[in-house]
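The values are calculated or read from the model by the stated rules, or taken from the named source; none is laboratory data. As the structure is a computational prediction, the values presented were derived from the model and not from experiment. As a convention, Cβ positions derive from the backbone with ideal geometry for all residues, glycine included, and neighbour counts pool all protein chains shown.
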Amino acid sequence: MTAAILAAVLAAAGCGPDAPPDRPAASGADAEAAAAPSWEFLHVADFRGRLTDVAALAADDVWAVGAEDDGGAVVLLHHDGARWTREPLPEGLGEVRYPPRLEGAGAEELWLVPVAGAEGDASWARWDGARWSALPAPPRDADAASAVLPTAGPDIEVAGPDDAWVLTGPRTAAHWDGGRWTPTRLPHPAADLAVAGPDDVWAVGHRTTGPGTGSVAGLPYAQPAATHWDGTAWKPVRTPRYRFDEPLPAEPGASLDRVLALDGGEVLARGRHTFNHGELENEPRSEDIRLRWDGSRWVGQEPPPGRCDRAPVAWVDGGLLVDGHRYLTGDGRCVRIGIPRLPESAGARGTSKQSLRVEGTHRVPGSGEWLAAGHVRVDRSGDPFAAPVVVRLRSGGS
């Protein structure tokens, strides 16, 4: 989920017009541009492929995972504060065909988690700052057809070495207490988890029973579902209902697929109200679902401005990192994140078209510094390629 090193703290990016005292103040559009955050390269790997996640315990203990394009070999990289090296995957992970995920488990531990596609009951691994050791995987869900492993989606939340949650099936979540995994049953199918605090966990998805789910052509009208863990049990929490006007489109339904816990107990949920397109003339528009937990109920939100209307990926210094290119500031402005260009030493011509894709993000413990793993796609005649990168987010003017 995150990692980092070096200097430059990501201050409240884009949240104020003031310039550093040794620089003349800008105004208008110039001030907004100066305050916008930007990525800078921390590492450009020496192979063609992609990095998919990054995490760190400190500036001199950073890890990144990814895969090569040629043959698809999984790659594990480590930075010790001076240089990046390619490291062997920890023993006990089993056959690893896809890059695992990196999860920060507090300030002293990282987890390496196999994703969907790993074989059998592959163990997880944890890094204590000196060595990798085995970590038991969650038990299989009796209702699941495959091994209990998270998908590429954000359905595992590690709050600390003795407090983690993972969805092990549509209706099952397992909790790690530092010694063992304990499965718990969810009231409704879930797609994502978020830990807001101790004994304060949310799972979101959909339900096909209860108010608003009456049959449409023999199928239930699915509604969004949110479930809260209070330390004792999972309890359903009421969410708004959705319904298209008559005549109803084919197979309508609404669900939540993303939940994000922010500082101060605020929680955001995102989803979609849609249907099976192409079976009705003058079909209605599908709609995005945006909900916020205000401490007592889920309330709808207006879409943010510009291109910040996508589901956010991280809560960064009072604002939302929407993707690798957009940041929604605390005062509601959508600002573009500056993107660097690869140096020619990486094989990119000065005239080549380049685009950055960010996948895994991580905040360095004890700092305001954020890192992200990803790749730069270089489109050039006859020889396009992807360059794996680790980038650092900088605030404007830093």
Query raised in the report: In this structure, does Thr227 turn out to be out of contact with any Asp or Glu (no Cβ under 6 Å at 6 or more places or on another chain), at pLDDT 95 or above and within 14 Å of Trp293 (Cβ to Cβ)?
Result: yes
Report task. Could you identify the single residue in Ser345, Ser352 that is surrounded by 15 or more Cβ atoms within 10 Å (Cβ to Cβ), modelled with pLDDT of 80 or more and hydroxyl-bearing (Ser, Thr, Tyr)? Result -> Ser352
Query raised in the report: Of these, Gly106, Gly117, Gly66, which one is at pLDDT below 90, closer than 27 Å to Gly368 by Cα and within 21 Å of the chain's Cα centre (by Cα)?
Result: Gly106
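Per-residue answers, yes or no, for (1) small (Gly, Ala, Ser); (2) over 18 Å from the mean Cα position of the chain (by Cα); (3) buried (at least 20 other Cβ atoms within 10 Å of the Cβ):
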position: His188; (1), (2), (3): no, yes, yes
position: Leu262; (1), (2), (3): no, no, no
position: Glu266; (1), (2), (3): no, no, no
position: Glu283; (1), (2), (3): no, yes, no
Query raised in the report: Would you pick out the residues in the range 284-338 that are farther than 24 Å from Gly264 by Cβ and at pLDDT below 90?
Result: Gly306, Arg307, Gly324, His325
**Report entry** Candidate set: the range 154-169, residues that are surrounded by fewer than 20 Cβ atoms within 10 Å (Cβ to Cβ) and farther than 16 Å from Trp202 by Cβ; chosen: the one modelled with the lowest pLDDT
**Finding:** Gly160
Report summary line: Residue pairs qualifying under the 9 Å Cβ cut-off, at least six apart or on distinct chains, with the first in the range 80-93 being surrounded by 12 or more Cβ atoms within 10 Å (Cβ to Cβ) and the second being hydrophobic (A, V, I, L, M, F, W, C) and part of a loop (DSSP other than H, G, I, E, B), are Trp84/Ala45; Leu89/Val96; Gly92/Ala122; Leu93/Ala118; Leu93/Ala122
Report summary line: Residues in the range 208-235 that are under 30 Å from the mean Cα position of the chain (by Cα), among the hydroxyl-bearing types (Ser, Thr, Tyr) and assigned to a strand (DSSP E or B) total 1
**Report entry** The lone exception for Pro240 - which of (1) surrounded by fewer than 19 Cβ atoms within 10 Å (Cβ to Cβ); (2) assigned to a strand (DSSP E or B); (3) in contact (Cβ under 8 Å) with a residue 40 or more places away in the chain it fails
**Finding:** (2)
Query raised in the report: Of the conditions (1) closer than 20 Å to Pro189 by Cα; (2) buried (at least 19 other Cβ atoms within 10 Å of the Cβ), Glu251 fails just one. Which one is it?
Result: (2)
Query - Per-region count, the range 324-342, residues charged (D, E, K, R) and surrounded by fewer than 18 Cβ atoms within 10 Å (Cβ to Cβ) - result: 3
